[in-house]
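The values are calculated or read from the model by the stated rules, or taken from the named source; none is laboratory data. The structure displayed is predicted, hence computed values, not measured ones. Because the Cβ atoms are built from the backbone with ideal geometry, glycine has one as well, and the counts that use them run over all protein chains shown.
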Amino acid sequence: MTPKKVVEEVTNYVQAIIDDMDVEGTISSTSNRRSINMQIDTNEPGRIIGYHGKVLKSLQLLGTKLPLQSLFKNLSTLLSTSMIM
């Protein structure tokens, strides 16, 4: 599987989780050889970040541990969020 396809799969996976949380948000992703960077734009950043960042940390963990990434063992996922005005 190509790195571009992995980025797409991880982005879709995190988007599905956000949708299941009933949070409206869009994700834009960029990547390099070792990481996927996702920007989550939402009206409810507090729900994505969670108490002391626990939800955001969990999303990063889930994105990193996605079974597809067994092909790319050194790839990490970084997420950030911003408020849509």
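Test residue 69 against the criterion of being modelled with pLDDT of 70 or more, closer than 26 Å to residue 4 by Cβ and not acidic (Asp, Glu), and give yes or no.
So residue 69 fails the test.
Scan region 34-51 residue by residue and report those that are closer than 13 Å to residue 6 by Cα and of a type in the set (D, E, K, R).
Selection gives 34 alone.
What number of residues in region 22-39 are without any contact (Cβ under 8 Å) to a residue 40 or more places away in the chain, β-branched (Val, Ile, Thr) and in a strand (DSSP E or B)?
Total meeting the criteria: 3.
Given the criteria modelled with pLDDT of 90 or more, crowded, with 18+ Cβ neighbours inside 10 Å and within 15 Å of residue 80 (Cβ to Cβ), does residue 36 qualify? Give the steps one after another, and end with the answer.
Details: modelled with pLDDT of 90 or more: no; crowded, with 18+ Cβ neighbours inside 10 Å: yes; within 15 Å of residue 80 (Cβ to Cβ): yes.
Considered against the rule, which asks whether it is modelled with pLDDT of 90 or more, crowded, with 18+ Cβ neighbours inside 10 Å and within 15 Å of residue 80 (Cβ to Cβ), residue 36 comes out as no.
Give just the number: which of (1) at pLDDT 85 or above; (2) surrounded by 14 or more Cβ atoms within 10 Å (Cβ to Cβ); (3) farther than 12 Å from residue 7 by Cβ; (4) not β-branched (Val, Ile, Thr) does residue 31 not satisfy?
In the conditions (1) at pLDDT 85 or above; (2) surrounded by 14 or more Cβ atoms within 10 Å (Cβ to Cβ); (3) farther than 12 Å from residue 7 by Cβ; (4) not β-branched (Val, Ile, Thr), residue 31 misses (3) alone.
Just give me the residues in region 1-39 being of a type in the set (Asp, Glu) and in contact with a strand residue (DSSP E or B) (Cβ under 9 Å, 6 or more places away or on another chain), in sequence order.
Within region 1-39, 8, 19, 24 meet the criteria.
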